[in-house]
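The structure appears right after this line, and notes come after that.
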């Protein structure tokens, strides 16, 4: 029979150990703190160590803006958009039509309406900058949710694109399809916005499955661009790190519509 004092001693030791462990910082999973509320990390895919780049943005500390060209000649590269509008980060806002300026889905920011039409095949809406500050600062809404249009009207910035991951964790993409670099925008379960770039050729379903497996806590995601035009700009990285974000290092695409981040 064990001594009661011994049992109490072990219980006390376990309590102290648990307290110490709880007080330790959680694993960073390789996150690089660029500034408060802005973190960057890269993850492996298909044997390549830094295939997926992720910028995690605290939506309560930053403002989202749409940079849009009035004509195709005004399209700029991501670094050019960032310099002109003092952006900390930027990613493709959406795919665009053959006119070189109009988004394929609904796109507006305040009084600027790039495309007033809702695409029937696109199921995701990234919204930011609420008119009522009681609302989330950013979110991804879905086409089939109740009162969608009323909810969209409550935000200054709305971008419509394909759903990549639904809020139920479903991947509405076929398991087969073209493989190419992919840019996407996601939300995590803490309300952070994720700008994500997969720099290698990958099928959309494969990328979505990987994002759900990574320590990102993705709650929903939307596809914003595929191919060599899929890009991500992050100001806080050094020149070599930033250059490595472009899928094709010698090409910097001129993009008509860009989703940017400011303090």
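A few notes on this one:
- Percentage relative contact order, the chain, counting C-alpha pairs under 8 Å, at least six apart: 25
- Neighbour-count ranking [beta-carbon atoms within 10 angstrom, fewest first] of 50, 61, 73, 240: 240, 73, 61, 50
- Selected from 150, 167, 33 as most flexible by GNM, with the chain as the system and alpha-carbon contacts under 10 Å: 150
- The chain: calculated mean residue ellipticity at 222 nm from DSSP helix runs of at least 4, using -39500 (n - 2.57): -5500 deg cm²/dmol
- Packing-based exposure ordering (other Cβ within 10 Å, fewest first) of 104, 60: 60, 104
- Normalised contact order of region 160-221, rounded percent, pairs of Cα under 8 Å and 6 or more residues apart: 43
- Residue with peak Gaussian network fluctuation, the chain [Cα springs, cutoff 10 Å], from 79, 178, 130: 178
- Among 124, 239, 139: highest mean-square fluctuation, GNM of the chain, C-alpha pairs under 10 Å: 239
- Rounded to 10°, Cα long-axis angle of helix 204-213 versus longest principal axis of the chain: 30
- Extending 7 Å from Cα along the Cβ direction at residue 50 and again at residue 188 yields two label points whose distance is 2.0 nm.
- Between the alpha-carbon centres of region 211-263 and region 114-142 there is a gap of 20 Å.
- Label selected from [x] 7, 30, 38, 22, 4, 0; [y] 6, 26, 31, 22, 12, 3, 0; [z] 7, 30, 34, 16, 5, 4, 3, 1, 0, the criterion being P(r) over Cα pairs in 10 Å bins from 0, in percent as computed here: [z]
Throughout, read-outs are computed from the coordinates displayed, never taken from laboratory work. Keep in mind that what you see is a predicted model, and the values were worked out from it rather than measured. A quick note on method: Cβ atoms are made from the backbone with ideal geometry, for glycine too, and the neighbour counts reach across all protein chains shown.
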